[in-house]
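Beneath this line is the structure, given in structure tokens, with notes to follow.
The values are calculated or read from the model by the stated rules, or taken from the named source; none is laboratory data. The structure displayed is predicted, hence computed values, not measured ones. Cβ placement follows ideal geometry from the backbone for every residue including glycine, while neighbour counts extend to all protein chains displayed. These accessible areas exclude ligands, DNA and RNA; they are computed on the full protein's heavy atoms, side chains included. Shrake-Rupley method; radii C 1.70, N 1.55, O 1.52, S 1.80 Å.
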Amino acid sequence: MIIGSREWMNISHGQLSIKEKIKLINQVLMPASFAFSKTFFQQMPSDTALEFNEFQIPDTAIVKEAMIELEHCGSLSVINHSWRSYFWAAAIAKCKTWDVNHESLLIASLIHDLGLVDDTVAYNEQCKCFTYASALHAEDLCKKHHYPEDKTENISNAICLHINGYLDENDPNLTKEVLLLQKATACDVIGTDFAELKQSYREDVLTQYPRENFNDEMQRLLKKEAQRNPKSRTALMCKSGLPMMIKMNIFKQ
């Protein structure tokens, strides 16, 4: 069972044991720190052709409601971050020639941080981690739209695991959507994988969804979450240098 997964949430509700903290530092935080350090060195972008307009937003009722849910969160920084996360994920998938369900990936991208920024979502007695609150909110949305159970579980697991900082691409238990949400959010928060994407595509995404002082907003939200849930992965990552990575990232805003 992977620390941070939806299955793990059923047992822990998002709280880490001492043993799990040590395991997470070794298996996740160290590789994530190494990936962050690489962002400061010259990297050649992929030669994969990427165009912003090639990724069409699915015109479905559940996507439309997810968009409305996100718009109501009250933070333009988080709204734009959520959209950028989808477009980074879609581009990474194309570069890796991964076959993905774009509707599920988009829903997960739009909902993944609602438990961090929306107190009405975060306020759940059983949730000791914002990703768990976000995942439960996504599950409710999926049930409302009679979304397939397997896709609902996949979205929920992706949301729960996105903050891990590193996931093993070779793990057969992890779907491409789960891997991509983690990669895309890390890309947007600390810059990993960003340089591998075509420059014109990066500029188009940032023009369409500007960062709006995202670094400062994310640091503030993570500090609030760490205080609210002191045994969460967020609290551990804040103690392990995540705020400094955000402050020093290649985006500078």
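Annotations for the structure displayed:
- Mean separation of Cα contacts under 8 Å, 6 or more apart, over the residue count of region 1-157: relative contact order %: 25 percent
- List 44, 218, ordered by accessible area with a 1.4 Å probe, largest first: 44, 218
- D (Stokes-Einstein, µm²/s), Kirkwood Cα radius, the chain, 0.890 mPa s at 25 °C: 136 µm²/s
- Set of lysines with alpha-carbon distance to residue 144 below 21 Å, sequence-local pairs under 8 removed: 64
- Computed accessible area, residue 112, all protein chains, 1.4 angstrom probe, square angstrom: 0 Å²
- Across the accessible surface of region 1-119, with the other protein chains kept in place and a 1.4 Å probe, carbon and sulfur atoms take up 56 percent.
- Accessible surface of residue 120 - all protein chains present, 1.4 Å probe, nearest 10 Å²: 110 Å²
- Annotation note: GluC sites (Glu not before Pro) in region 144-236 located in DSSP loop regions with a Cβ neighbour count of at most 13 within 10 Å are 169.
- Surface accessible to a 1.4 Å probe, per residue, for the residues of the chain, Å²: 47 Å²
- Cβ-Cβ FRET estimate between residue 43 and residue 207, R0 fixed at 30 Å, reported to 0.05: 0.90
- Helix-derived mean residue ellipticity, 222 nm - over the chain, DSSP H n ≥ 4, -39500 (n - 2.57), to 500: -18000 deg cm²/dmol
- Among the GluC sites (Glu not before Pro) in region 51-137, those placed in a DSSP loop whose Cβ has at most 15 other Cβ atoms within 10 Å are 51, 125.
- Note on residue 41: accessible area approximately 140 square angstrom, rounded to 10, probe 1.4 Å, nucleic acids and ligands left out.
- Among 121, 52, 93 - extreme Cα towards positive end, dipole of region 12-139, charges at beta-carbon: 93
- Proximal lysines to residue 19, defined as alpha-carbon separation beneath 19 angstrom and excluding residues fewer than eight positions away on the same chain: 128, 231, 239
- Residue ranking by accessible heavy-atom surface, 1.4 Å probe, largest first, among 59, 168, 118, 140 comes out as 59, 140, 168, 118.
- Accessible-area composition of region 150-253, carbon plus sulfur, in percent [1.4 Å probe]: 47 percent
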